[in-house]
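Below you'll find the structure, written out as structure tokens, and then a few comments.
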Amino acid sequence: MSNGGVKRKLEILDRDAFLEKSKAARLRRNPKGHFIKAMYNSLVDAIITDPELMVLPLDDHAIVRGHAVFDTCTLASGCVYRLGVHLDRLFKSANLARLKLPFGDSEEENRRRITDIVCETCVASGLRNGGVRFFLTAGPGNFGYTSAGCEPAFYVTVLASEKSIEAKATSESLVPATEVPMKPTLLATLKSNNYLLNCMLAMTAQDRGGNFGINYRDDGSISEGCVANCCIVTKEKVFITPPFDGILAGTTMQKAMQLIKEHMQGEDKEIKEVRQEKMHKDQVFNALEVMMTGGDLGVVPVTCIDGKSIGDGEVGPVAKKLKELIWKDAFEGDKE
């Protein structure tokens, strides 16, 4: 790099100088403090609360080749909400990605260890409410293209997050798969670290005034958002969401359908029927309500798509009640 025609020589840092510069760089990004409050790292088998030590080895294949899977859950009133459901998906993803488990060959033993680790990391964070993300990777060892020679790694992060019981509306944009392609089925159905197409979908939608983006196929059928499933309420009071074919089986959508059937479905209630079936983009524009769900607690009403109002352009009654039901299930219900 030059400055006024004078070539600047790069510093070679020792450990202390690096940590000092790393902290300064972090404070530029997060002047109010790091949002990650605690991290577990299986490579040292310990929990870290110093942000400068919350790092991954550069030769971890999560970085080198994207060979990693992850999942999330929610810390709600000091309890880890729906951890078991998310671990089910983590192990399914790991199997599909041919990842070696970090704590021996037994899924049962790994489930027990990971459950304990997640809970201990939550305690170390000092938070009672927040988000939890955990990553299972092929691990560090080399820059090769398979996991041979690598040590499997498991990381947990607990982060501060602001969530509200209020169903806050958003605008959206439909994005065709000819513009931003859908993931191939394998990558779409396992929760891998490869979110490049997800990011491009959101960026394309946000360029047009949207948020998550809603991808649709060549035949006009809806697939999913960048990190959320899409659903509608028709004028006939039918709740519809696409089948989990070639898209992620969203745990929040599954919970939403369960709660609607238990509390909102009936002839004299908000919903007459719940269906999981092919959904065309034209149905989205004609719906009474459109919602995006994800992240355990996320029920996001969509009041406008590509400049066209959905329903009366306001947050609908189904979105409001569903958000309340999910919130109550997380903070007051039986912990799963």
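Return the residue satisfying two criteria in turn: it lies in the range 283-336 and is open to solvent by less than 10 Å² (accessible area, probe 1.4 Å) and more than 17 Å from residue 241 (Cβ to Cβ), and of such residues it is nearest to the chain's Cα centre (by Cα).
297
Suppose we keep only residues that are of a type in the set (Val, Ile, Thr) and under 20 Å from residue 287 (Cα atoms) within the range 240-275. Which one would you say is most open to solvent (accessible area, probe 1.4 Å)? Working first, answer last.
Residues of the range 240-275 that are of a type in the set (Val, Ile, Thr), as a first pass: 240-241, 247, 251-252, 260, 271, 274.
Still in the running and under 20 Å from residue 287 (Cα atoms): 240-241, 260, 271, 274.
On the way: 240: 4, 241: 1, 260: 0, 271: 0, 274: 27 Å².
Going through the qualifying residues, I end up with 274.
Does at least one position in the range 12-35 carry a residue that is crowded, with 18+ Cβ neighbours inside 10 Å and within 18 Å of the chain's Cα centre (by Cα)?
Looking for residues that are crowded, with 18+ Cβ neighbours inside 10 Å and within 18 Å of the chain's Cα centre (by Cα), one finds none in the range 12-35, hence no.
Of the residues 75, 87, 101, 83, which single one is surrounded by fewer than 21 Cβ atoms within 10 Å (Cβ to Cβ) and within 20 Å of the chain's Cα centre (by Cα)? I'd like the intermediate steps shown before the answer.
Numbers: 75 fails: surrounded by fewer than 21 Cβ atoms within 10 Å (Cβ to Cβ); 101 fails: within 20 Å of the chain's Cα centre (by Cα); 83 fails: surrounded by fewer than 21 Cβ atoms within 10 Å (Cβ to Cβ).
Result: 87 is the single residue among 75, 87, 101, 83 that is surrounded by fewer than 21 Cβ atoms within 10 Å (Cβ to Cβ) and within 20 Å of the chain's Cα centre (by Cα).
On the basis of being surrounded by 23 or more Cβ atoms within 10 Å (Cβ to Cβ) and within 23 Å of the chain's Cα centre (by Cα), does residue 212 make the cut?
Taking the combined requirement at face value, the residue satisfies it.
Just to check your reading of the model, which residue among 19, 10, 43 is touching a residue at least 12 places away in the same chain (Cβ under 8 Å), of a type in the set (A, V, I, L, M, F, W, C) and part of a loop (DSSP other than H, G, I, E, B)?
43
How do the helices (runs of 4 or more DSSP H) wholly within the range 220-336 filter down when requiring 3 or more residues that are more than 30 Å from residue 132 (Cβ to Cβ): which remain?
Because the criterion is at least 3 residues that are more than 30 Å from residue 132 (Cβ to Cβ), the helices (runs of 4 or more DSSP H) in the range 220-336 that meet it are 281-286.
Out of the range 104-138, which residues are buried (at least 19 other Cβ atoms within 10 Å of the Cβ), of a type outside the set (A, V, I, L, M) and either in a helix (DSSP H, G or I) or over 21 Å from the mean Cα position of the chain (by Cα) (or both)?
Once the filter is applied, which keeps residues that are buried (at least 19 other Cβ atoms within 10 Å of the Cβ), of a type outside the set (A, V, I, L, M) and either in a helix (DSSP H, G or I) or over 21 Å from the mean Cα position of the chain (by Cα) (or both), the range 104-138 yields 110, 121, 122, 125.
I'd like the full set of residues that are in contact (Cβ under 8 Å) with a residue 12 or more places away in the chain and in a helix (DSSP H, G or I), limited to the range 54-78.
Within the range 54-78, 61, 62, 64 qualify.
Residues to consider are 188, 138, 124, 153; find the one that is at pLDDT 95 or above, touching a Gly at 6+ places or on another chain (Cβ under 6 Å) and closer than 23 Å to residue 90 by Cβ.
From the options 188, 138, 124, 153, the qualifying one is 153.
The values are calculated or read from the model by the stated rules, or taken from the named source; none is laboratory data. Every value quoted in this text rests on a predicted model; they were computed, and no experiment measured them. Note that we place each Cβ from the backbone using ideal geometry, even for glycine, and neighbour counts take in every protein chain shown. Protein only, heavy atoms only, side chains kept; ligands, DNA and RNA dropped before computing areas. Shrake-Rupley method; radii C 1.70, N 1.55, O 1.52, S 1.80 Å.
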